[in-house]
Every structure is written in structure tokens, then in C-alpha cells.
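J.: Shown below is the structure under consideration.
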Amino acid sequence: MPLQGIEVVDVAGKGRGLCATQEYRTGQVVIRSRPYEHVIFNEQADKVCHHCVRQPISKGPTHTPPPLLKCGSCKFARYCNKDCQKAAWEAHKPECAAIKRVFPNKASDQTRLVARLFWRKQRVAENKIQEDLPILVEELESHVKQRTKEEKEQLDNRVFSFGDYVTYEAMPESDEVIYQWFGAVDCNAISLNDQRGLSVVGVGIFLDVALLNHDCNPNCVAVNNGAKVEVRSLRPIKPQEELCISYIDPIDTTPGRQEKLKNQYYFDCKCEECENGSEREAMKSALLDENILKEKPEAENYIIKMSTEALKRMENTKKSRNFERLYNQALGALKQQDSVIADSHVLKIAVLNQCVEVSSFLRRPDDSCMYARRVADAYEKILPAIHPVLGMYLMRLGVLQWQTQMKEAFETLGRAAGIISKTHGDGHPLFLDIVDLMRQCHHEMQMSPEVQTKMKAVRKEANLGIGKVGLPSN
Ligand SMILES: [Zn+2]
Ligand SMILES: [Zn+2]
Ligand SMILES: [Zn+2]
């Protein structure tokens, strides 16, 4: 994997990083990476191909996709076809034996990934594979030394389960190496989404992507397409500029992000956004009107406390699956927030998101559409114009609008397509899904109002379009 258009550099205050050696325009691919090693999560193991990370997709309500092929030996790994199975075999062979050995127990996803790293090392030592790597797994940040006593005990437990899985005879002499691998996986692994970006199905180590440092207002984004990860630029980049991605969810305030980065990645973020803020950053904690504080100085603290507690309560109600109650809780919290904080406030976005989810679930598409519109408007205020979260949310809103026969649907989908073509690329399944949706939406707009009303009713009955963004085009 020789690096092209980028180089490894020492960045003041951050250590190793990557910088551009050429100009990049918005949406251009900066890194195209194949996994060094990856695993599919235990929970998703029977739904996704363990080699190419694709899910069989139904082409319409009457079409059943072909089932995945099961590994005849471990009965755990699945593949699209013989080609995927053959390509995966060399790496799966020792894993296959380990899965059978520990059955009916299952090793954790992390243990399975670390074991894949371990077996790969063995294959390299035996000259079964040649490697040309930008960095070795042993050189990745693992922050083992910075861990608390409790975290170190957890690492010890992981070493035990690793021993059970790969057998103690095969284990490396020193536990330190295994600690480092687990640490490297914690700090560097990249989540793999299904092709529609709806759920995380696995995790992998991508050595060149792992060289990218974090920034809360990054100039790049890493998105996977099957087992591949592509890093694209979110804005124009000049030669010598450092390339960064965000390691965490951007919908959070500076203190919230810093806490997550410290807990999970063991560093204090000193990026421009954290140090000096921006207009977008201010919007994440904005009040409806600054005068509110003059009249009622305690109003803001009250709303923050109320919202935090209400969100916790909603989590519990969700567990008990009482959705009517959950909806009432969300609407109650929103009503109180409405008089004090702006829609772009992160706590309000969290509540609005609950409103969208629950009203979708309760089959009230007009409600979910209205709340989703508010979330999309809020995202537009706090996220850069080209951002995957914004693109995917606009896609979702477009689907909801289409489902409720709103004429804005086509335009919203068009805006989503514009963003996703840059963040995911125009060959990504998600982009192709939007194009399909737009075609169908356009086609329906030509139909008579009576036919449209009938379709709306059918869709409401089938609860189509909610959460399932990629609808069939026939
Ligand atoms: Zn496959
Ligand atoms: Zn197997
Ligand atoms: Zn930061």
C-alpha cells in the first residue's frame, strides 16, 4: 500500500499524522483503503458476507434475495458466493478452527479481530504473504500506559479470552504484545456500515486511515463501501495541509466531545473548533433569544437539567417498549424546551430525534416528517455544507416527505444526492439508492392527485419508507 498524494509527517503537538502533497477539490478521494483485517460482528454474522461486507438485498416486495453461503465447517462465517468464500479462506482457516473449538461459546468481536491480526502476523512470518505497509500494527497508538487500573484489569480479562480462542500453546510469549493489539483495536478500528449506511455490521483495521489525526472540524471523512474505506475531502485542500477526520459524533458541544475523546482516545483535543469555537459551535448551545436570560437567568440551567433527565427517562421507557408513553415524554420535554432553547441546541436535537423515531414507529408519518424537517434545519446550522451526517439526514427527510406526498421531497432528495456524491462518491450504493428514489419520486409527481392519495394510503399501511431509505424502483 504505497501512499500517493499524501505523506506521513510529524505534526507539532500531535505526533505522527498525514498531510497532503497535492491539491484536493471537495469530494475527491484522498485514500482508498482495503482492510488489513476485519470481522463481522457476532450479532450480524448471519446477515452479511464476511469477506466483502455486503448484505443480500431484496429487489422488491415480492423478491427474496439469495441466501448467503454458510461455511460448512464452522457454520458461522457467511459469504455471497464461492468467490468471496475462496478469497476469505486463507484468513478464515485458523479462525474457523478457533470458532469450532470454543463452540457453543463465542469470542467477543474485539477478540476475534485481535486474533485475526495475530494469525496474519504468523502468515507473514511463514512467508505466506508479502506486505508493504505504511505502518505496522505494533506502531499504532494503543495508549496502554494511560489506562486506569480498572481498564488494565479489563485488558487482562481480554488476554484470557484471547488465550481460550487462539489456544495457550499458540499465544505469544509476552502479554504486552496482546495488550498493545487490543489497545490498537480500541483506538484505531473503523466501523463498517451495511451498504445503506443504516447499521454498523463490523469493524476493521485500515493502516493508512489509522494515520489520520482527529479534528472536530475535519477536512476529510472516511466512509466504507463494503469492505473498502474511502477517505474524501470535505472542502478544498492545499498541499502541506494536514489531513484529519473526526473520530466521534459531531453532534455534540465542545465539553461533550472533549470528554469522549479523552475517555476513548486518551487525548485533549486542542483543535481550532475546541479552542476558539465558531458560529456553528455556538449554535449547539444557542438560546431561542438572548433576552430570555435577562428576564429569567435560571431558565437555561433548568432546561439543561430537565432535558438531560428527560432523555434518560426516555431511554428507560424505550427499553420497556411503551412507545405511546415515550412519545408523550418526548413531546412534553420538547414543549418546555421550545420556549427557551433553539432547535440547533444539541439537547433539543436529541429530543427532536426521539420525536422522529417514535412517531415513525407509531405510524404517524406527518408528525415524523415535521420533526425530521426541524432536525435537518438544525443540522444545517451546526454542520458544514458538505457533511455525511447532513447528507444522510436529508435523504431520510426526503423519503419521509415522499411518503407523505410532499412536493418538497424531490428537492430534498436532490440536495441529499449533491452532498452524498461528495462524501460517499457517485458509485456508492447509497448514492445509487437516492438516484432511484428521485426517479420514482419524479415519476409519481406526474400522476393524478387521486392516484397519489391512494399510494400515500398504501404506503402508510405498509409503513414503507420509514427507516428503509432504499426502496425498490419498480
Ligand atoms: Zn461477498
Ligand atoms: Zn468456517
Ligand atoms: Zn476539537
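The values are calculated or read from the model by the stated rules, or taken from the named source; none is laboratory data. Just so it is clear, the structure is predicted and the values come from calculations on it, not from any experiment. Backbone-built Cβ (ideal geometry, glycine too); neighbour counts: all protein chains shown. Ligands, DNA and RNA are excluded from the accessible area calculation, which covers all protein heavy atoms including side chains. Shrake-Rupley method; radii C 1.70, N 1.55, O 1.52, S 1.80 Å.
J.: About the Cα centre of the chain, how large is the charge dipole given +1 on each Lys and Arg Cβ and -1 on each Asp and Glu Cβ? Please answer in debye to the nearest 20.
T.: About 1880 debye.
J.: Which order do the peptides 261-272, 25-36 take when ranked by the mean count of other beta-carbon atoms within 10 Å per residue, highest first?
T.: For the peptides 261-272, 25-36, the packing ranking is 25-36, 261-272.
J.: Please work out how much accessible surface Arg16 shows to a 1.4 Å probe, ignoring ligands, DNA and RNA, in Å² rounded to 10.
T.: Here the residue's solvent-accessible area equals roughly 80 Å².
J.: OK, next. What percent do you get for the relative contact order of the chain when only Cα pairs under 8 Å and 6+ apart count?
T.: 15
J.: Take every Cα pair under 8 Å in the range 1-94 that's 6+ residues apart, average their separations, divide by the length, and report that relative contact order as a whole percent.
T.: Worked out over the range 1-94, it gives 18 percent.
J.: What ranking, highest mean first, results for peptides 163-173, 335-345, 393-403 when packing means the other Cβ atoms within 10 Å averaged over each residue?
T.: 393-403, 335-345, 163-173
J.: Here's another thing I want to ask about it. Give the carbon-plus-sulfur fraction of the accessible surface of the range 403-445 in %, rounded to a whole number; probe 1.4 Å, heavy atoms of protein chains only. Please report the intermediate quantities before stating the final value.
T.: Values: 1080 of 1820 Å².
Whole-percent figure for carbon plus sulfur exposure: 59.
J.: How much accessible area per residue does the range 296-414 have, counting only protein heavy atoms and a probe of 1.4 Å, in square angstrom?
T.: 43
J.: For the chain, find the longest principal axis of its Cα atoms and tell me its angle to the long axis of helix 429-445, 0 to 90°, nearest 10.
T.: 20
J.: Shape verdict for the range 286-360, please, from the Cα gyration tensor: rounded (a/c under 1.5), prolate (a/b greater than b/c) or oblate.
T.: Numbers: a/c = 2.89, a/b = 2.14, b/c = 1.35.
Taking the square roots of the gyration eigenvalues as a ≥ b ≥ c, the range 286-360 is prolate.
J.: Relative to the longest principal Cα axis of the chain, at what angle does helix 254-265 sit, 0 to 90 degrees, rounded to 10?
T.: It works out to around 20 degrees.
J.: If you don't mind, there's one more thing I want to ask. What's the ranking of 207-216, 37-46, 61-70 by average number of surrounding C-beta atoms within 10 Å, highest first? Working shown, then result.
T.: Values: 207-216: 21.5, 37-46: 19.1, 61-70: 11.4.
For the peptides 207-216, 37-46, 61-70, the packing ranking is 207-216, 37-46, 61-70.
J.: On a 0 to 90° scale, report how tilted helix 299-319 is relative to the longest principal axis of the chain, with both axes built from alpha carbons and the result rounded to the nearest 10.
T.: It is inclined by approximately 60 degrees.
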